[in-house]
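One structure is given below, encoded as structure tokens.
The values are calculated or read from the model by the stated rules, or taken from the named source; none is laboratory data. Keep in mind it's a predicted model, so treat the numbers as computed, not measured. Backbone-built Cβ (ideal geometry, glycine too); neighbour counts: all protein chains shown. Only protein heavy atoms, including side chains, enter the accessible area calculation; ligands, DNA and RNA are left aside. Shrake-Rupley method; radii C 1.70, N 1.55, O 1.52, S 1.80 Å.
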Amino acid sequence: MIEKGLRAPDFHLRDQNHQRIELSAFQGTKVCILFLSSITRLDNQAFIISYAKMIDAFSALNVRIIAVCEDTVDILKAESKRLHIPFSLLHDPNQTVRRKYGVWNQKMTFGKPKWITARSSLLIDENGFIYKTFKRAHVEMNVLEVLKLLKRDNERNEWRKLSRRKKERIKREQEQCYHRMVEDSGFFKNDDLIDFIEAFQYTENEKMEG
């Protein structure tokens, strides 16, 4: 699979609505590309549907989703309508794009070589560079991994935008909140904690002796 840090190879493919989709048109927006073989396979359908269910979360983070498949435009159109897929499914004839991204791999099946599309995903930043790849995308968990990473990066970017004074104020407020929780609980005071540990150990010894 293509390496992190490289510029994502540009491409243009037809989607399920016969529209021409160009990667370069998404400049300034994060893009999540999904690679799979045929959408008619049940495991690939589950993979695509997991992303479709989380489309609002991706939209809130300003991330576009596109999927690259081997199926014809007509098949993609029928399946996207049946499965209610809200993003573009792209037909990749001759494995052109999948070869560029290194997801068209040879696999030995019963001692014979077979070329397949490795189900995978990757993230492209606003400047068109790849900053995360998932070589073996889990059918159901991959979407959660991608969203977790995106949310973490978004929080970091928002933190960097804050002024130094505001960062210091937020840190003070967090520390004050923590100290109030400790004081209100009373449980974490040293004497109380020691008493609790001793009482717990005594109870456990009683159980063992009994």
Considering the range 131-147, residues that are of a type in the set (D, E, K, R) and under 20 Å from Met1 (Cβ atoms), and then whichever is most open to solvent (accessible area, probe 1.4 Å), we arrive at Arg136
Quick one: Gly128 ticks every box in (1) on the phi > 0 side of the Ramachandran plot; (2) open to solvent by 80 Å² or more (accessible area, probe 1.4 Å) except a single one, so which number is it? (2)
Checked against (1) part of a strand (DSSP E or B); (2) surrounded by 20 or more Cβ atoms within 10 Å (Cβ to Cβ), Arg14 satisfies every condition except (2)
So Phe87 ticks every box in (1) over 20 Å from Ala137 (Cα atoms); (2) surrounded by 17 or more Cβ atoms within 10 Å (Cβ to Cβ) but one. Which box is left unticked? (1)
Tell me which residues, restricted to the range 38-52, are of a type outside the set (A, V, I, L, M) and free of Cβ contacts under 8 Å to residues at least 12 places away in the same chain. Arg41
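Scan the range 42-70 for residues that are among the hydroxyl-bearing types (Ser, Thr, Tyr) and within 27 Å of Arg99 (Cβ to Cβ) and jot them down.
Ser50, Tyr51 - these are the residues of the range 42-70 that are among the hydroxyl-bearing types (Ser, Thr, Tyr) and within 27 Å of Arg99 (Cβ to Cβ).
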Taking the range 45-63 on its own, how many of its residues are buried (at least 18 other Cβ atoms within 10 Å of the Cβ), of a type outside the set (Phe, Trp, Tyr) and either under 13 Å from Lys30 (Cα atoms) or touching a strand residue (DSSP E or B) at 6+ places or on another chain (Cβ under 8 Å) (or both)? 2
Residues of the range 17-35 satisfying the condition of being within 21 Å of the chain's Cα centre (by Cα) and either assigned to a strand (DSSP E or B) or buried (at least 19 other Cβ atoms within 10 Å of the Cβ) (or both): Leu23, Lys30, Val31, Cys32, Ile33, Leu34, Phe35
Filter pass, Asp74 being farther than 30 Å from Asp153 by Cα, acidic (Asp, Glu), at pLDDT 95 or above and surrounded by fewer than 14 Cβ atoms within 10 Å (Cβ to Cβ): yes
Whichever residue in the range 109-125 is more than 18 Å from Leu89 (Cα to Cα) and not in a strand (DSSP E or B) and, among such residues, is most open to solvent (accessible area, probe 1.4 Å): Phe110
